[in-house]
Ligand code: 5GP
Ligand code: ZN
């Protein structure tokens with residue numbers, strides 16, 4: 001999608017700090033990290049949000065890839081948080097589905 005920030009990252013038109021890639025997914029560091037580790041995991045195909053996703057295969061692959069990225073970054077023992085913000089009240093700013101992976105500090109509950 002032409003005017004989507006994360007599609008531009010997938011296309012290599014905007015640089016990112018890549019930390020993982022598979023045939024269908026990318027993982028890169030968030031530009032404004034909220035924890036010592038803050039990685040974004042996205043599908044290469046454009047899907048606007050979790051609410052707009054139609055493929056269970058894509059969603060399963062996204063979560064499996066996220067699990068592997070968290071493990072590769074040493075987050076399993078200490079623990080980590082995964083977040084998918086959806087639409088306005090969810091705080092979604094970039095409308096290309098992404099999983100936040102936050103780790104390296106104690107998370108609080110409830111989230112803001
Ligand atoms: P959302 O609020 O949509 O769940 O999260 C969007 C995330 O994308 C934010 O955490 C924000 O810091 C991150 N972000 C926005 N623009 C860029 C960018 O150009 N590069 C990277 N790596 N992250 C970005
Ligand atoms: Zn997109």
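The relative contact order of the chain, computed from alpha carbon pairs under 8 Å that lie at least 6 residues apart in sequence, is 30 percent.
The equivalent ellipsoid that matches the C-alpha gyration tensor of the chain spans semi-axes of 21, 16, 14 angstrom, in descending order. For region 1-41, the relative contact order works out to 24 percent when only alpha carbon pairs closer than 8 Å and six or more residues apart are counted. Between the helical axis of 56-72 and the longest alpha-carbon principal axis of the chain there is an angle of about 40 degrees.
Just so you know, all these numbers are worked out from the coordinates, no wet-lab data involved. Note that this is a predicted model, so its numbers are computed, not measured.
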